[in-house]
Amino acid sequence: MKEIKRTVDDHLPKWLSSQMLSAVDFIWRVKGDDEETSKRISAVAKVLDGEQMCWVMMLLTLPKLNTMIMQGDEYKQFAEMKRTLQ
């Protein structure tokens, strides 16, 4: 089988490599099923090293982090300031 060279990986930060994004997708597809999610996280952890696994887990938490930021006072102040400038 011919190996496909992913040249995009050479131009992105390591946390956005195709390997990291594939791992995130693999886990994300079962996000509603806690048992299956845990199994998939364990499976991915067997393949990736500690730093890579950390990146995957951080990427998986981005939606929650975004919600927290959007509800924060600093964001509300920024949104109001931006609204007044327009």
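We did not get these values from a lab; they are worked out from the coordinates using the rules stated. Source: prediction; values computed, not measured. Every residue, glycine among them, receives a Cβ derived from its backbone with ideal geometry; neighbour counts consider all protein chains shown.
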The range 58-67 - phi-based ³J(HN,Hα) in whole Hz, Karplus 6.51/-1.76/1.60, Gly and Pro as x: 5, 4, 5, 8, 4, x, 5, 4, 4, 4
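Specify whether the C-alpha gyration tensor of the chain places it in the rounded, prolate or oblate class, a ≥ b ≥ c being the square roots of the eigenvalues: rounded for a/c under 1.5, otherwise prolate if a/b is larger than b/c and oblate if not. Please list the in-between numbers first.
Details: a/c = 3.08, a/b = 1.67, b/c = 1.84.
Verdict is oblate for the chain.
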statement: Relative contact order of the chain (C-alpha contacts under 8 Å, at least 6 apart) in percent is 23 percent
field: Those lysines that a straight Cα-Cα span of less than 30 Å connects to Lys46, excepting residues fewer than 8 apart in one chain
entry: Lys2, Lys5, Lys14, Lys31, Lys64
Burial order of peptide ranges 65-75, 28-38 (average beta-carbon count within 10 Å, highest first): 28-38, 65-75
task: Starting at the first residue of the range 73-82, write each ³J(HN,Hα) from the Karplus equation 6.51 cos²θ - 1.76 cosθ + 1.60 with θ = phi - 60°, in whole Hz, x for Gly and Pro.
output: 4, 4, 5, 4, 5, 4, 4, 5, 4, 5
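Roughly how many debye, to the nearest 20, is the charge dipole of the chain about its Cα centre, given +1 on each Lys and Arg Cβ, -1 on each Asp and Glu Cβ, and no other charges?
In debye, rounded to 20, the chain gives about 240.
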field: Karplus (6.51, -1.76, 1.60) ³J(HN,Hα), θ = phi - 60°, over the range 36-41, in Hz, Gly and Pro reported as x
entry: 5, 4, 4, 4, 5, 4
